[in-house]
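Structure record follows, encoded as structure tokens.
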Amino acid sequence: MEIIVTSGTGTGRTELGAFDNALWNAGVANYNLLKMSSILPPGTKIVLKKPVLKSEEYGHRLYVVLSERRESTPGKIACASLGWYLQQDGRGVLVEYNGESVTEAKKKLIDTLQDLADTRGIKGVEFKTKIASIKCTGRPVCAIVAAIYQSQPW
């Protein structure tokens, strides 16, 4: 299974408008997002890319692990992030974190992934991250990172 990891940031008149703009910029607008937990099945491959919006999929269900952060206070940063590891057979986990700092996000992701690997008795896996951030300069902002599992019609 190929899982696409994409990210986007956006601005708007409202935080919800900024969220929609971030979805658009990440290539996942016009879907009904169904948030999932973060277990990666055997045979998973992670691909970092922005998907192309498909007009024929307008309104489809999109299964995602989603990290999002909205901010409307000038000077504050919206930071969203995902981290993951994959074992040799492609199984693994995804974790999400959102906050106000890229440095903090990376540390929290790595610490959490290490905890999950330790709990499962897994050693020697590489931890990877994808982080998006945007500073609020007046208008509301939003940062998202999404892991896309699959789109389905109703």
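Tell me, what is the percent relative contact order of the chain, built from C-alpha pairs under 8 Å that lie six or more residues apart? Write out the running numbers ahead of the final one.
Working: 417 pairs, mean separation 54.5, N = 154.
The value is 35 percent.
Say each of E104 and K50 gets a label point 7 Å from the Cα, pointing the same way as Cα to Cβ; how far apart are those two points in nm?
2.8 nm
Can you tally the net charge around G10? Count Lys and Arg as +1, Asp and Glu as -1, for every other residue whose Cβ sits under 15 Å from the Cβ of G10. List each step's numbers first, then the result.
Values: positive: R13, K50, R69, R70, K135, R139; negative: E15, D20, E68, E71.
Spelling it out: positives minus negatives among the neighbours equals +2.
Let me spell out the model: positive unit charges on the Cβ of Lys and Arg, negative unit charges on the Cβ of Asp and Glu, origin at the Cα centre of the chain. What dipole size does that give, in debye rounded to 20?
Dipole of the chain, to the nearest 20 debye: 220 debye.
Ranked from highest to lowest mean number of other Cβ atoms within 10 Å per residue, what is the order of the peptides 11-20, 91-100, 50-59, 35-44? Could the numbers behind the result be given before it?
On the way: 11-20: 16.5, 91-100: 20.8, 50-59: 11.0, 35-44: 13.6.
Ranked from most to least packed, the peptides come out as 91-100, 11-20, 35-44, 50-59.
If you take the square roots of the eigenvalues of the alpha-carbon gyration tensor of the stretch 43-122 and sort them as a ≥ b ≥ c, do you get rounded (a/c under 1.5), prolate (a/b over b/c) or oblate? Intermediate values should be presented prior to the final figure.
Details: a/c = 2.67, a/b = 1.06, b/c = 2.51.
Oblate is the answer for the stretch 43-122, as a/c is 1.5 or above yet b/c matches or exceeds a/b.
Points 7 angstrom from Cα along the Cβ direction at Y63 and R91: gap in nanometres?
Modelled inter-label distance: 1.7 nm.
To the nearest 0.05, what FRET efficiency results for E2 and T112 with a Förster distance of 35 Å applied to their C-beta separation?
On the way: r = 24 Å, r/R0 = 0.68.
Efficiency, rounded to the nearest 0.05: 0.90.
Report the one residue of G121, P41, Y85 whose Cα lies farthest in the direction of the positive end of the charge dipole of the chain (charges on C-beta: Lys and Arg +1, Asp and Glu -1; origin at the Cα centre).
Most positive-ward Cα: Y85.
Among the aspartates and glutamates, which fall within straight-line cross-link reach of K50, defined as a Cα-Cα distance under 16 Å, with same-chain neighbours fewer than 8 residues apart omitted?
E2, D20
Rule-based calculations on the coordinates, nothing more; no lab input. All values reported here derive from a predicted model rather than from experimental measurement. Note: ideal-geometry Cβ built from the backbone for every residue, glycine included; neighbour counts use all protein chains shown.
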